[in-house]
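S.K.: Sharing a structure with you now.
The values are calculated or read from the model by the stated rules, or taken from the named source; none is laboratory data. Predicted, not measured: the structure shown is a model, and the values here were computed from it. Here Cβ is always computed from backbone atoms with ideal geometry, including for glycine, and neighbour counts include all displayed protein chains. Ligands, DNA and RNA are stripped out before the accessible areas are found, and what is left, the full protein with its side chains, is counted by its heavy atoms. Shrake-Rupley method; radii C 1.70, N 1.55, O 1.52, S 1.80 Å.
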Amino acid sequence: MREGYEGTGPGAITPDGCAVELYARLPVADEPDIIAAAVPAGAHILELGSGVGRVTHPLLERGFTVTAVDESADMLARVRGARTIRSSIEDLDLGERFDVVILASFLVHAGDEEVRRGLLRTCVRHVAEGGCVLIQREGADHHTDVPRERVDPSGFTVRITSVEPAGEGVSSRTRSGPRRSCPDR
Ligand SMILES: C[S@@+](CC[C@H](N)C(=O)[O-])C[C@H]1O[C@@H](n2cnc3c(N)ncnc32)[C@H](O)[C@@H]1O
């Protein structure tokens with residue numbers, strides 16, 4: 001598993017600590033509606049860190065074309081109806097440009113600055129002129145509003161139980177899910 005990440009759960013575990021079976025069972029929320037409202041109808045979307053296709057599949061149903069990228073073959077094996085590419089996001093260089101690039105799931109909070117820069121460079125490298133990059137990030141208080149809890153209407157709860165400094169402007173956050181280190185700002 002990648003340094004700074006931990007995760008447990010049923011089935012295979014990805015290098016960033018996600019349990020594949022857990023993501024296969026997680027329902028989608030309003031992510032596809034938010035994306036559909038922000039981008040042109042029928043756009044070709046590059047989805048970075050697609051996982052099992054929790055968001056990919058509803059985007060396909062809404063008429064978008066999706067290229068789904070993930071470093072986990074176990075995750076990508078669950079994706080249906082989209083072109084899939086197994087790659088680390090940082091190393092991705094398809095030589096193609098997309099109307100929309102999505103970097104969701106708070107991946108932009110990677111604790112390692114070089115990884116963070118690599119993720120953003122990939123967005124820049126793949127977005128078409130006039131296209132857009134959608135990035136999902138935490139609110140400004142995500143390291144101070146602790147402990148906190150979100151009860152999802154579909155029946156699961158996410159708890160952020162502690163945040164501890166891990167040095168060099170990075171904090172380590174423990175939650176009921178994959179643990180990761182994030183920059184403090
Ligand atoms: C928290 S899961 C979310 C999956 C999906 N976006 C969703 O919302 O259901 C994060 C996914 O991103 C992938 N991932 C994380 N960091 C990655 C990286 N640097 N390169 C490629 N894939 C990565 C993991 O393998 C995992 O499938």
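S.K.: Scanning segment 88-126 for residues that are within 11 Å of the ligand (Cβ to nearest atom) and either at positive phi or not assigned by TED's automatic domain parsing to the domain that holds THR65 (or both), which turns out farthest from the chain's Cα centre (by Cα)?
M.R.: Once the filter is applied, the top-ranked residue is PHE106.
S.K.: Here's a follow-up. Go through GLY42, GLY51 for me and flag whichever is within 10 Å of the ligand (Cβ to nearest atom), touching a Phe, Trp or Tyr at 6+ places or on another chain (Cβ under 7 Å) and part of a loop (DSSP other than H, G, I, E, B).
M.R.: Unique residue meeting the criteria: GLY51.
S.K.: Using the structure shown, decide if LEU26 is within 12 Å of the ligand (Cβ to nearest atom) and open to solvent by less than 60 Å² (accessible area, probe 1.4 Å).
M.R.: On the way: within 12 Å of the ligand (Cβ to nearest atom): yes; open to solvent by less than 60 Å² (accessible area, probe 1.4 Å): yes.
Yes: the conditions hold for LEU26.
S.K.: Checking the conditions here, which among GLY63, GLY49 is surrounded by fewer than 19 Cβ atoms within 10 Å (Cβ to Cβ), at positive phi and of a type outside the set (A, V, I, L, M)? Talk me through it step by step, then tell me what you get.
M.R.: Numbers: GLY49 fails: surrounded by fewer than 19 Cβ atoms within 10 Å (Cβ to Cβ).
Just a single option satisfies the conditions, and that option is GLY63.
S.K.: Scanning segment 70-87 for residues that are more than 9 Å from the ligand (Cβ to nearest atom) and assigned to a strand (DSSP E or B), which turns out least open to solvent (accessible area, probe 1.4 Å)?
M.R.: Step one: of segment 70-87, the residues more than 9 Å from the ligand (Cβ to nearest atom) are 73, 77-85.
When the remaining residues are screened for being assigned to a strand (DSSP E or B), the result is 83-85.
Numbers: ARG83: 97, THR84: 63, ILE85: 30 Å².
So the residue we want is ILE85.
S.K.: Step by step: first the residues of segment 29-39, then only those that are buried (at least 16 other Cβ atoms within 10 Å of the Cβ) and more than 12 Å from the ligand (Cβ to nearest atom), then the one that is farthest from GLU96 (Cα to Cα). Which residue is that? First the steps, then the outcome.
M.R.: Here is the first cut: in segment 29-39, the ones buried (at least 16 other Cβ atoms within 10 Å of the Cβ) are 31-32, 35-36, 39.
After this cut, where a residue has to be more than 12 Å from the ligand (Cβ to nearest atom) as well, the list is 36, 39.
Numbers: ALA36: 22, VAL39: 18 Å.
Here the answer is ALA36.
S.K.: Okay, next question. Hey, among THR56, THR14, which residue is closer than 21 Å to LEU134 by Cα, polar (S, T, N, Q) and either crowded, with 21+ Cβ neighbours inside 10 Å or away from the ligand (no atom under 12 Å from the Cβ) (or both)? Before you say what the answer is, go through the steps one by one.
M.R.: Numbers: THR14 fails: closer than 21 Å to LEU134 by Cα.
After applying the criteria, what remains is THR56.
S.K.: Sticking with this structure for a sec: Restricting to segment 88-109, name every residue that is surrounded by fewer than 19 Cβ atoms within 10 Å (Cβ to Cβ) and more than 30 Å from VAL170 (Cα to Cα).
M.R.: Of everything in segment 88-109, those that are surrounded by fewer than 19 Cβ atoms within 10 Å (Cβ to Cβ) and more than 30 Å from VAL170 (Cα to Cα) turn out to be LEU94, GLY95, GLU96, ARG97, ASP99.
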